[in-house]
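Have a look at the structure below, then the notes.
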Amino acid sequence: MSARTRVAIIGAGPAGLLLSHLLGRCGVESIVIDSRTREQIESTIRAGILEQGTVEILAETGVSDRVLTVGQKHEGIELRVAGEGHRIDFTDTVGRAVWLYPQHEVLKDLIAARLGAGQDLRFGTTAVRVEDATTSRPRVIAKDAEGRTVEIEADVVVGADGSRSVAREAVTGTYGGYFREYPFAWFGILCEAPPSSEELIYSNSPNGFALISQRSPEVQRMYFQCDPDTDTEVYTEEQLWEILQSRVPGTTLNEGRIFQRDVLRFRSFVAHEMRRGRVVLVGDAAHTVPPTGAKGMNLAVADVILLTEALRALLLDQDETLLDAFPETARHRVWKAQHFSWWMTNMLHLEPGASDFDRLRQIGELRSVVESRAGRTYLAEAYTGWPL
Ligand code: DHB
C-alpha cells in the first residue's frame, strides 16, 4: 500500500498533532501515523504544566478553549528550602504565567480537532524506517495494525516520534547526540484527594526532594526523588504517604487513594542534527530534558511553531531559507531549556553520596535565588517560557 502527501509526520504526540494542525491551517496537507491506539495516546500520563506561549498557540489557533476553561492559571510556585517556603511570583517578576492542564488533555483536544478537520491520522501504524532523506521524495516505510507494509512518500518527513525515534537514524545515525544521565529518578503518584496547596511546591528538604503538583480539584500528582531502579510496587500506600509527608515539612498533605505509580528516569539529550535533507526531527525525537521544570512538551511546541513557518515557506513559496535556518534557531531555545532543566534539577536534588559540603552549598544556591529579585526573575522567565 502506498500513499503520497506533502508532509509525512511520524508520531501523534503533542509535536506531531500540533504540526499537522498548524500546517492544515496554512493549507498544507499531511499524514500522521502513530504505533499506539487513540486510547493509549489519550491515557498516557505526562507532565501538566503549559507555558504561557503554549497556551496562547492552542487557544488562538482554535485547538480548544478547554485549556482556558478547565486548565488553571498559576501565577507562581513555591520553592521550599530547608523547611522555609519562598514564593516565586511570576506576575510580579515577569508578567507571565503558566497553566496547569495535563498533557493527555492537550492530546485529547488535538486529536478531536484533527479528526474534526478530516486529518488523515493513522493509529496502530508503526514506522519502520525513513528512506531517501537527501532526495526531494523522502519516504516512510511503516507497518499497519494488520502487519501490512505501508509506504508514505512526501515532500518532507518529520520525526515527532519521541525519545525512541525511528526517524532519528535517518538524520543522525543511532547514537548521534549529546547525552547525560542522572543518578536519580522521580517516583510519581496520582491520588484521589483535594489539592494540598494552592500552588505547586518544589521542596528541597533534609529528607530529599518532593514536588507537590495537581491535576484537578479531585486528583493530585506528586513526585519524590528515588533511585532509578526503584520498583513501583515496593512501597505500601502508607509508606508512600510517609515519604511524601516527610519531604514537605510545614505542610500536611491531603491523602487519598493512590491509583497510579510510575518511575521517571532523568536524562538530558540533544541530537547532533535536527535535519538531514528533507527529514526533520522535532520534540523528544530531537531532545529530551529531565522533568524538573516541565519543559519537555513546551519545547516540542516551540520547535513546531518554527517548523511550521519553515515548511510553509518551502512548500508554498519554494523558499528553503527558513528550513535551512531551522536547526540553529530551534537549538538556541533547546540549549537554554536544557540548561534550565539541568539547573532546576541540580539545585533541588542531591546525588547519592553527596557530602555535607554539597548539601550546604546547594542551600546557599537556593537562598541566593529566592532572596534575590534577579534570581527569582530568571527562574520565572525560564519557567513561564521565553517568548516564542
Ligand atoms: C509536573 C511535572 C513537572 O516536571 C513539573 O516540573 C511540574 C509539574 C506535573 O506533572 O504536574
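For the stretch 233-263, the set of residues classified as within 16 Å of the ligand (Cβ to nearest atom) and under 23 Å from SER43 (Cβ atoms) consists of ILE258, PHE259, GLN260, ARG261, ASP262, VAL263, listed by residue number.
Annotation note: Cβ proximity below 7 Å between a residue of the stretch 286-315 that is at positive phi and a residue that is within 11 Å of the ligand (Cβ to nearest atom) and at pLDDT below 95 (sequence gap 6+ or interchain) occurs for ALA294/ALA47. For VAL98, the test of being closer than 22 Å to LYS295 by Cβ and within 16 Å of the ligand (Cβ to nearest atom) is passed. Annotation note: Cβ proximity below 7 Å between a residue of the stretch 42-67 that is modelled with pLDDT of 95 or more and a residue that is within 16 Å of the ligand (Cβ to nearest atom) and aromatic (Phe, Trp, Tyr) (sequence gap 6+ or interchain) occurs for LEU50/TRP99; LEU50/TYR101; VAL55/TRP99; VAL67/TRP99; VAL67/TYR101. The listed residues are VAL128, VAL166, and the only one of them that is open to solvent by 30 Å² or more (accessible area, probe 1.4 Å) and part of a loop (DSSP other than H, G, I, E, B) turns out to be VAL166.
Does PHE340 count as within 12 Å of the ligand (Cβ to nearest atom), assigned by TED's automatic domain parsing to the domain that holds GLY11 and either more than 18 Å from GLY277 (Cβ to Cβ) or open to solvent by less than 20 Å² (accessible area, probe 1.4 Å) (or both)? Step through it out loud before you land on a result.
Working: within 12 Å of the ligand (Cβ to nearest atom): yes; assigned by TED's automatic domain parsing to the domain that holds GLY11: yes; either more than 18 Å from GLY277 (Cβ to Cβ) or open to solvent by less than 20 Å² (accessible area, probe 1.4 Å) (or both): yes.
Spelling it out, PHE340 is indeed within 12 Å of the ligand (Cβ to nearest atom), assigned by TED's automatic domain parsing to the domain that holds GLY11 and either more than 18 Å from GLY277 (Cβ to Cβ) or open to solvent by less than 20 Å² (accessible area, probe 1.4 Å) (or both).
Residue count for the stretch 316-367 satisfying the condition of being without any contact (Cβ under 8 Å) to a residue 24 or more places away in the chain, small (Gly, Ala, Ser) and not in a loop (DSSP other than H, G, I, E, B): 2.
Here ALA210 meets each of (1) within 13 Å of the ligand (Cβ to nearest atom); (2) farther than 20 Å from SER43 by Cβ; (3) surrounded by fewer than 18 Cβ atoms within 10 Å (Cβ to Cβ); (4) not hydroxyl-bearing (Ser, Thr, Tyr) with one exception, condition (3). Any residue in the stretch 295-304 that is open to solvent by 30 Å² or more (accessible area, probe 1.4 Å) and either away from the ligand (no atom under 16 Å from the Cβ) or outside the structural domain of LEU379 (by TED's automatic domain parsing) (or both)? No, the conditions are met nowhere in the stretch 295-304. Against the conditions (1) in contact with a Lys or Arg (Cβ under 8 Å, 6 or more places away or on another chain); (2) of a type in the set (Asp, Glu); (3) not in a loop (DSSP other than H, G, I, E, B), GLU233 satisfies every one except (3).
Residues in the stretch 319-377 that are among the aromatic types (Phe, Trp, Tyr) and out of contact with any helix residue (DSSP H, G or I) (no Cβ under 6 Å at 6 or more places or on another chain): TRP335, TRP342, TRP343, PHE357. Considering only residues in the stretch 213-231 that are over 21 Å from the mean Cα position of the chain (by Cα) and within 16 Å of the ligand (Cβ to nearest atom), the one that is nearest to TYR383 (Cα to Cα) turns out to be PRO217.
The values are calculated or read from the model by the stated rules, or taken from the named source; none is laboratory data. The structure displayed is predicted, hence computed values, not measured ones. A quick note on method: Cβ atoms are made from the backbone with ideal geometry, for glycine too, and the neighbour counts reach across all protein chains shown. Heads up: the accessible areas ignore ligands, DNA and RNA and are worked out on the full protein's heavy atoms, side chains in. Shrake-Rupley method; radii C 1.70, N 1.55, O 1.52, S 1.80 Å.
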